[in-house]
Structure formats: C-alpha cells, structure tokens
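Notes follow the structure.
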Amino acid sequence: MADNTGQEIKIAVFDLNKTFYNKSSKDEFFKFVSAKKPHKAAYYLQMLYYKALLKMHQIRQTEFKENFFNYLDNLPPDKVKEYAKEFWEQEYPDNFNQEIKERLDKLKKEGVQIFCATGGLEIYVEPLFDLYKIDGFFGTRANYTDNTYLVDGKACKAEEKIARLDEYFKGQKYRIVEAYSDDKEEILKEADKAWLVKDGELKPYTP
C-alpha cells in the first residue's frame, strides 16, 4: 500500500503482453486451456470474429474482453487460477524480455516501486507475480456470474491505467520515472523516461 509521508513516490510501470512478456498472454493462455480442455478450442472462430469487430472499431475494449474470454465459461475462479499458475510456471522466465527484467531489477534496488498495468484479466495474470515479485498490478477486473466472466468497470487500457494508479495511491503524489509498452499509450506519455517495445527491442519513446 502507498504510504502517507507526503513524499513523492517513484514508480516504474510496464505493460505485460508483447512487452515484459514476449507473447500475447491472451492468446497463449487460450491455447493452454484448450490443451487441457480440448472442447474449448471451438471458441477460436468466435474469438477471431470479436478481434475483427474490435479492429473495425465496432465494439469497445470492455465488450471485446468480455466476449473474447467466453472460453473461460464454466471454469470457476479457483480452476482458472490453478491453470494460470501452471501456465506462468511454464512461461517464466524463458519467454520474458530479459532487458526489461534487468532494468526493473535495477530500479527495485534504487527504491523505485514496480507496477504492471495490463489489459489482461486479473484472474489469470495474478499468479505470474508469485514468480516475479512487484509492488502491485492492475488488470481488467471480472466477476464470475452465472458461469461466465463479466468485466467489472472498464478494460484496463489506455487512460484507465492512469485512473487505476490514481485509485491505488489515493491522492498520494507519485511520479512515473520509467514506463514500458508495445503501444503508444498514456503510461508512456506520463513517464519521465519511456520505452516502446517492438519485436522485443526497446526504443526510446518520444511523444
């Protein structure tokens, strides 16, 4: 939790997919669950359909997330977390960006707090941070209702990531000293030093 000393807190924020994690966890976790439950693979065409709608701006990010993750229907939270734990143990650390990890480890030693802000559902992202310890993370919240996952609030994308940081710090002053993302999003614009990640390479970001 944030302290109340009144001092400005230095933080670093990273996006997860195709940034710290070299792949898309959204897609890779689907493959993992489908291998466990082969009938879930039938959702693949539906997922392509919703991806196409999103690309054509026919649906909002929140609606996309809700429909994309229909393949988790009838898998209660405990089972999803169990699968996610196994999934991340398989992926970490080999499929993670080592340059970003080294930079984050260095910042940790300098007393900078480390946060992840990702559009992925919190329920399957959270077990990753049992393997790589950070100060906090924000993802898309979802509630398991009538055997399906419904997004709670907005998908954790773009400006929502800043809103979630503000919510976490509750008026305490903080400064983003470094940020990493594969997209030109708000966290990069707000950071003192920002990195755009493309194909695993870090490029200094300039607005």
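Between 0 and 90 degrees, rounded to the nearest ten: what's the tilt of helix 159-169 against the longest Cα principal axis of the chain? Value to nearest ten degrees: 60. Along the range 189-194 the Karplus relation, 6.51 cos²θ - 1.76 cosθ + 1.60 evaluated at θ = phi - 60°, assigns HN-Hα couplings of 5, 8, 8, 5, 10, 10 Hz to successive residues, with x for each Gly and Pro.
So if we plug the beta-carbon distance of Tyr44 and Asp192 into 1/(1 + (r/R0)^6) with R0 = 30 Å, what FRET efficiency do we get, rounded to 0.05?
0.10
Compared with the rule-of-thumb size 2.2 N^0.38 Å for a compact globular protein, the range 1-116 has a Cα radius of gyration ratio of 1.33.
Note on the chain: GNM, Cα springs under 10 Å; of Lys161, Lys170, Lys184, the largest mean-square fluctuation is that of Lys170. Each Lys or Arg adds one and each Asp or Glu takes one away; over the other residues whose Cβ falls under 15 Å from the Cβ of Lys154, this sums to -4. Other residues whose C-beta falls under 12 angstrom from the C-beta of Arg103 contribute a net charge of 0, scoring Lys and Arg +1 and Asp and Glu -1.
Its residues counted as N, the chain yields a C-alpha radius of gyration over 2.2 N^0.38 Å of 1.02.
From the cross-link list Lys23/Lys79; Lys79/Lys109; Lys51/Lys170, which pairs have alpha carbons spaced over 32 Å apart? Pairs exceeding 32 Å: Lys79/Lys109; Lys51/Lys170.
For the range 74-84, the Karplus equation 6.51 cos²θ - 1.76 cosθ + 1.60, evaluated at θ = phi - 60°, returns couplings of 6, 10, x, x, 4, 6, 4, 5, 5, 5, 5 Hz by residue, with Gly and Pro reported as x.
Temperature 20 °C, viscosity 1.002 mPa s: under these conditions the Stokes-Einstein estimate for the range 49-111, based on its Kirkwood radius over C-alpha pairs, is 143 µm² per second.
Which log10 I(q)/I(0) values, to two decimals, does the range 125-207 give at q = 0.11, 0.13, 0.19, 0.25 Å⁻¹ under the Debye formula with one point per Cα? So the normalised log intensities are -0.38, -0.53, -1.02, -1.30. Structural descriptor for the chain: relative contact order 30 percent, calculated from alpha carbon pairs under 8 angstrom and at least 6 residues apart.
Every read-out reported here was derived from the displayed coordinates using simple, explicitly stated rules and does not represent laboratory data. This one's a predicted model, so the numbers in the text were calculated from it and none came from an experiment. Neighbour counts are summed over all protein chains in view; Cβ atoms, including those assigned to glycine, are modelled from backbone coordinates with ideal geometry.
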